[in-house]
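Only one structure is covered here, and it is reproduced in the block below.
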Amino acid sequence: MQNLIKSFSDLKGELIPNAPLAHLTWFKVGGPAELLFIPQDKFDLIQFVKNCPSNIPITIVGAGSNILIREGGIPGIVVSTKNLNQINNDNGVIYAECGALDMAVAREASKLGITGLEFLIGIPGSIGGALKMNAGSYSHEIKDILLEVEVIDGKGNKFLENANNLSMEYRKSNAPEDWIFLSCKLKGRKSTTDKVRLKMKQIMDDRKNNQPINQLTGGSTFKNPIQNKSWKLIDKSGCRGLSFGDAKVSEKHCNFLINKGNAQASDIESLGEIVRNKVLKKTGVHLQWEIIRIGIDENIKGAINHE
């Protein structure tokens, strides 16, 4: 790995071997990265991808709000996009880099009196993650406001792609696996700052009242099945408040798993698998993970293979 670091000597960002990652995630758990790269800007990231050997896996981490990193850590190179956070306005079109927080984009739109982006205040992640998963909340998804994306492929080739060509689906972008989203352009409609901020306040109040936002969690754990709600199925299956190790199903919103303070990643994932088994047995519904689980761990309890 030291030889690899030397080959990246022209990069402006940080390269950290055996780097802890737990602090980069909302769950605050997980093992280290074999090598962590924090690019200074998107041009630094492009240069890195162009020069990275094709046999070394690259894992992108944004705000860390929707990922669970296992104790065994992540082999290869982890890229943190936290410095790629520029947000600009061009005649009502919002330009946002992949590391910009969804909440920050919503607030920028509110300053400009642009409506249609308020739902982003309810998604505790980054724009890159929102593009990768077609993130959504409050009956809106990123595809509803997306005009185009700026991406690089696995060889570092940069290009623009029209949003219509992505064929986005529920919690899925359909983009090639080797694409890395650099930025995007988002559309809205003209309104007033007061009206936009009122909508955002309603969303934030609803989240505060109905979600465990002040606890160590990773957002919605499972995707909603067609014409159903995961939390209802979990509740019906007797899982509200269920614990495993120091991980717990939220009593406030049972599609959220919580690290009570000392949980291991394996506790959280094992609890999720136990919930899936109970829901399957009670309702016949196969819940699919929405949280992205990455890294190495062979200690997951109760795993079922139906995805």
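Some observations on this one:
- Measuring only protein heavy atoms, the 1.4 Å probe finds Lys172 accessible over about 100 Å².
- With every protein chain in place, the chain: carbon and sulfur % of accessible area (1.4 Å): 47
- The loop-placed GluC sites (Glu not before Pro) in region 98-201, going by DSSP, that have at most 14 neighbouring Cβ atoms within 10 Å of their Cβ come out as Glu177.
- For region 93-225, the Kirkwood hydrodynamic radius from C-alpha pairs, put into Stokes-Einstein at 10 °C and a viscosity of 1.306 mPa s, yields a diffusion coefficient of 104 µm² per second.
- Estimated purely from DSSP H runs of n ≥ 4, each contributing -39500 (n - 2.57), the mean residue ellipticity at 222 nm for the chain is -7500 deg cm²/dmol once divided by its residues.
- For Asp41, the solvent-accessible surface with a 1.4 Å probe is about 40 Å², rounded to the nearest 10.
- Fraction of antiparallel bridges per DSSP, the chain only, in percent to nearest 5: 80
- Take the Cα of Val93, step 7 Å toward its Cβ, do the same at Lys50, and the gap between the two points is 2.5 nm.
- Cα→Cβ-extended label distance, 7 Å offset, between Asn157 and Asp178, nm: 0.9
- Of the options (1) 29; (2) 16; (3) 23, only one is percent of Cα pairs over 37 Å apart as computed from these coordinates, and that is (2).
- Ranking of Phe43, Phe48 by solvent-accessible surface, largest first: Phe43, Phe48 (1.4 Å probe, protein heavy atoms only, all chains present).
- Label point 7 Å beyond Cα of Met204 along Cβ direction - residues of region 114-138 with amide nitrogen under 11 Å: 121-122
- Remark: accessible surface ordering of His23, His253, His140 (largest first) is His23, His140, His253, probe radius 1.4 Å.
- Distance between region 6-20 and region 94-137 - C-alpha centres, whole angstrom: 29
- At full extension, Lys190 and Ala22 could sit 56.5 nm farther apart than now, given 0.36 nm per residue minus the alpha carbon distance.
- Solvent-accessible area of Phe159, all protein chains in place: 60 Å² (probe radius 1.4 Å, heavy atoms, ligands and nucleic acids excluded).
- Around Leu68: net Lys/Arg minus Asp/Glu count, Cβ-Cβ under 13 Å: -3
- Residues Trp289 and Gln215, FRET efficiency given R0 of 22 Å [Cβ-Cβ distance, rounded to 0.05]: 0.70
- Charged-residue dipole, Cβ positions (Lys, Arg, Asp, Glu), the chain about Cα centre, Debye nearest 20: 1060
- Size of charge dipole - region 225-282 - debye, nearest 20, with Cβ of Lys, Arg +1 and Asp, Glu -1, no other charges: 380
- Taken along the Cα-to-beta-carbon direction at a fixed 7 Å, the label points for Glu251 and Leu147 span 4.8 nm.
- Dipole in debye (nearest 20) - region 1-43, about Cα centre, beta carbon charges: Lys, Arg +1; Asp, Glu -1: 60
The values are calculated or read from the model by the stated rules, or taken from the named source; none is laboratory data. These figures come from a predicted structure and were not determined experimentally. With ideal geometry, Cβ positions are generated from the backbone for all residues, glycine too; neighbour counts draw on all protein chains shown. Each accessible area value is taken on the protein alone, full model and side chains, heavy atoms only, with ligands, DNA and RNA left out. Shrake-Rupley method; radii C 1.70, N 1.55, O 1.52, S 1.80 Å.
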